[in-house]
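Here it is: the structure, laid out below.
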Protein chains: 2
Amino acid sequence: MKILILGIDGYLGWSLANYFANEDCQIFGIDSFFRRKWVKDMGSISAIPIASMNSRIKAYEATYKKEMLFYKGDITNYEFLGSKIKEIQPDVIVHFAQCPSAPYSMISQSKSVWVQKNNLIGTLNLIYAAKEYAPDAHIIKLGTMGEYGTPNVDIPEGFFEIEYKGRKDTLPFPRQANSWYHLSKVHDSNNLQFACRNFGLRCTDIMQGVVFGFHGGPNYPAHRKLGTRLDFDQAFGTVINRFCCESIINHAITVYGDGTQIRSFLPLKDCMQCIKLVIQNPPEPRQYKVINQFANIHAINELASKVAGVCKLLSMEVKIVKMKNPRKEVEKHYYNPDNQNLKNLGYTPSSNFDSEIMELIESIKPYKKRIFEYSSVLNPTINW
Amino acid sequence: MKILILGIDGYLGWSLANYFANEDCQIFGIDSFFRRKWVKDMGSISAIPIASMNSRIKAYEATYKKEMLFYKGDITNYEFLGSKIKEIQPDVIVHFAQCPSAPYSMISQSKSVWVQKNNLIGTLNLIYAAKEYAPDAHIIKLGTMGEYGTPNVDIPEGFFEIEYKGRKDTLPFPRQANSWYHLSKVHDSNNLQFACRNFGLRCTDIMQGVVFGFHGGPNYPAHRKLGTRLDFDQAFGTVINRFCCESIINHAITVYGDGTQIRSFLPLKDCMQCIKLVIQNPPEPRQYKVINQFANIHAINELASKVAGVCKLLSMEVKIVKMKNPRKEVEKHYYNPDNQNLKNLGYTPSSNFDSEIMELIESIKPYKKRIFEYSSVLNPTINW
């Protein structure tokens, strides 16, 4: 099986390349190294140093005795993407090649336009390249649980059956996203849904919770250069990763607002396991299948307490501080999303986030000084 | 009152400038003349000749004794749009500056990307320019009834109250658009909804039916150079206008597929009347208000018969021919959209489409030869 990973140099992309290293498949990767640039734009670095792509590939091939074919390029360039998909003829295309940060998209007019344009055009190009050169490929696109917002009803997986004014239909579940980034994912979901219907493509659209942790799966850490990135700045550092980096440098754990906001979360290794299950269970041609991918839901306060609790076990004293929420978001709300689709495929969610958090803290411990040096990037200066 | 019309050179934009000529307001216009270029791309022309913008403005000022301030420019250029909104300080911004053709957007990968990029960036720029320089302005954005698709339940105006698994909420009504163009409108609707919530802007988002006819309102035809454009090619010619142009040159009226597809329609002068009502009834700050703007719903077959019937009255014999549908669309479906919001504002829908059709046929009669010369543009060669 040929798996093409778009955005292979990123947090999830590089983890997935490693996770599949011992599987019976060929791995192909495309990246333009934008993630490295964006984090640099934020004045930040990965908490755990990452190797260059050249070094990564050398380490990968030496460790796994398996070739990796990598192409540097930008998927918003259709000629580039089309020629690669034509050449590779992938069975599966995992689309991680997007700017994944809500705060980054909210910095300014130009960032807003850049993020939406980048994400939208990349996905449109992928749709046309697949239609033209690999119409049977299984497209796996990353959406986000944030597309749904926080409605006052249960959140199904993509679609719901409703009765309205005495008639019934199964309709896409309404999206109420809360940043230009999240909206770009909604746009892509809508575009892909149409592409399956009209062009006959097949797609699994993953509405993913917030991923945390450093250990992607069984192979890690085979080699230091095989580690993925771990961001902690206000734009690219997701909440649990950021809390852990704060803890390690004796910075207070900073909760935005009341901390009663509830979101869905999953450890990095669960994310890898889920994507493997998705790859093993492709949708039918013309099918646009949505899955909600998360292990559990938690209030931000609970996560702060979890991280502080793990720190205590490790004899680290950490304070939790509430700060003015830089984002306009509802802090008290109902939240009950479904994730039965993945469970039906065999996914057993990690119930123990504590051990994942401990593993993460152990991994970043050697880089305490490095994180401390860059600690100003933790401050939420982007208000929206 | 200062009204800024983005896309003032187009079918609706130029009609609106004329419709408001005798009102107590100042008219400002922006256009980049893209519509003229797109129709040229299709190898076509306006059935009724249109004047250059310079001639239009001269005729406008001479006829109405009223100044019109026009700026040539592209709203995807933020510096341009921002500086003009800062300078003008409009009370109302009517946003027509988009590529409005489904078939055009389906021609190719590059057209798909171009249309979505153009429409998305223009609206994002408008959002930021309004936030920065005219946060209290009433933004009137044109969406389309096509955003909703053809669900098996009634179509409300933007939002609906539902009960799902025992809980209630008012949610955006799901969109199921069927072309890259229609999807671009969905993206813009989602972006604007967020902009109202997060930036505190105020917006009326008009889900408009298919507009037809040539006479925008009471002022026309004060002067030949004040007429708006009237397209009939496969991409920019909307269905009734196209049927009338076919009839005038003794071409059969061409119905795509079975003709049982039901859509919503309104005459151009109803569109003008509705937009006036919308301008007179701005939403509250932070409010994102959706209205469905149409006079009536009809199956395509009914419209073909209507046009043929009017022709008969005018002693023109016209055949109706069904042809293979170039579009993948459901031909038999339920369709029951609501348009109560406009009725509540005082809108009385035109019940007599026949007289509108007759007026249109009379208007294009002098241009029979011109239309005949370009009749090849009627063929639907764009398949999707």
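Radius of gyration and Dmax for the stretch A:11-86's Cα atoms, expressed in Å?
Here Rg and the maximum Cα pair distance are 13.7, 40 Å.
So what is the calculated 222 nm ellipticity per residue for chain B, using -39500 (n - 2.57) for each DSSP H run with n of 4 or more, over all residues, to the nearest 500 deg cm²/dmol?
Estimated from H runs of four or more residues: -12000 deg cm²/dmol.
Placing a label point 7 Å from Cα toward Cβ, how far apart in nm is B:E132 from its equivalents in the other copies, listed shortest first to one decimal?
Label-point distances to the other copies, shortest first: 3.5 nm.
What's the longest piece of chain B with no exposed trypsin sites (Lys or Arg not before Pro), counting a site as exposed if DSSP puts it in a loop and it has at most 16 other beta carbons within 10 Å?
Counting only loop sites that pass the neighbour cut-off, the longest clear stretch is B:166-285.
If I take the rotation axis that carries chain B onto chain A, which residue of chain B has the nearest beta-carbon, and at how many angstrom?
So the chain B residue sitting closest to the axis is B:H187, 2.
Excluding residues on the same chain fewer than 8 positions from B:K37, give the aspartates and glutamates whose Cα lies under 20 Å from its Cα.
Straight-line reach from B:K37, under 20 Å: B:D9, B:D74, B:D231, B:D233, B:E373.
For B:A62, place a label point 7 Å out from Cα along the Cα→Cβ vector, do the same in each other copy, and report the separations in nm, one decimal, smallest first.
Label point to label point, same position, other copies: 8.2 nm.
D for the stretch A:243-384, whole µm²/s, Stokes-Einstein with Kirkwood Rh over alpha-carbon pairs at 37 °C and 0.692 mPa s: what number?
Estimated diffusion coefficient is 191 µm²/s.
If you add up the charges near B:A299, with Lys and Arg at +1 and Asp and Glu at -1, over every other residue whose beta carbon is less than 14 angstrom from its beta carbon, what do you get?
Around B:A299, the surrounding residues sum to 0.
How are the alpha carbon pair distances in the stretch A:149-270 distributed across 10 Å bins from zero to the largest one, expressed in percent?
Pair shares across the bins are 10, 29, 31, 21, 8, 2, 0.
Expressed in whole Å with the largest first, what are the equivalent ellipsoid semi-axes of the protein assembly as shown derived from the C-alpha gyration tensor as the square root of 5 times each eigenvalue?
Taking √(5λ) for each Cα gyration eigenvalue gives 50, 28, 24 Å.
So the label point sits 7 Å from Cα along the Cα-to-Cβ vector; using that for A:L314, what distances do you get to the other copies, in nanometres, sorted shortest first?
Result, one decimal in nm: 8.0.
Hey, which lysines would be in cross-link range of A:K289, C-alpha to C-alpha under 18 Å, not counting anything within fewer than 8 residues on its own chain?
Result set, ordered by chain and number: A:K131, A:K141, A:K185, A:K276, A:K343.
Across bins of 5 angstrom width beginning at 0, how are the C-alpha pair distances of the stretch A:109-162 distributed, in whole percent?
4, 13, 17, 16, 16, 17, 12, 4, 0
Could you work out the per residue convex hull volume over the alpha carbons of the stretch A:143-202, in cubic angstrom?
Given the Cα convex hull of the stretch A:143-202, per-residue volume reads 102 Å³.
Springs between alpha-carbon pairs under 10 angstrom, Gaussian network model over chain B: which of B:I121, B:I279, B:I162 fluctuates most?
B:I162
Sticking with this one: For the stretch A:283-299 and the stretch A:12-65, what is the separation of their Cα centres, given in Å?
25
Further, regarding this structure: From the backbone phi of the stretch A:83-95, what are the Karplus-calculated ³J(HN,Hα) couplings (6.51 cos²θ - 1.76 cosθ + 1.60, θ = phi - 60°) in whole Hz, Gly and Pro given as x?
5, 6, 5, 4, 6, 6, 6, x, 7, 9, 10, 9, 9
Just to check I understand the Karplus step: with θ = phi - 60° and J = 6.51 cos²θ - 1.76 cosθ + 1.60, what whole-Hz values come out for the stretch B:178-187, glycine and proline as x?
Rounded to whole hertz, the list is 10, 6, 4, 4, 4, 5, 4, 5, 5, 4.
To one decimal place, what orientation-averaged projected area in nm² is obtained for the convex hull of the Cα set of chain B?
The Cα convex hull of chain B, projected and averaged over all directions, gives 18.1 nm².
For chain A, what does the relative contact order come out to in percent, with C-alpha contacts under 8 Å and a separation of six or more?
20
For the stretch A:245-311, what is one quarter of the convex hull surface built on the Cα atoms, given in nm²?
About 6.2 nm², averaged over all directions.
Now for a different question. Whose amide H sits under 5 Å from the amide H of B:V255, counting only residues 5 or more places off or on another chain, with H placed in the peptide plane?
For B:V255, the qualifying residues are B:V321, B:K322, B:M323.
Now for a different question. May I ask for the equivalent-ellipsoid semi-axes of the stretch A:1-133, computed as the square root of five times each C-alpha gyration tensor eigenvalue and listed largest first in whole Å?
25, 21, 10
Students often forget the sequence filter, so: which aspartates and glutamates lie under 17 Å Cα-Cα from A:K165 once same-chain residues fewer than 8 apart are removed?
Excluding near neighbours in sequence, the set is B:D154, B:E157, B:E161, B:E163, B:D169, B:D338.
Read-outs: derived from the displayed coordinates by stated rules, not from any lab. Not measured: the values here are computed from a predicted model. Counting neighbours? That spans all protein chains shown, and the Cβs are built from the backbone with ideal geometry, glycine included.
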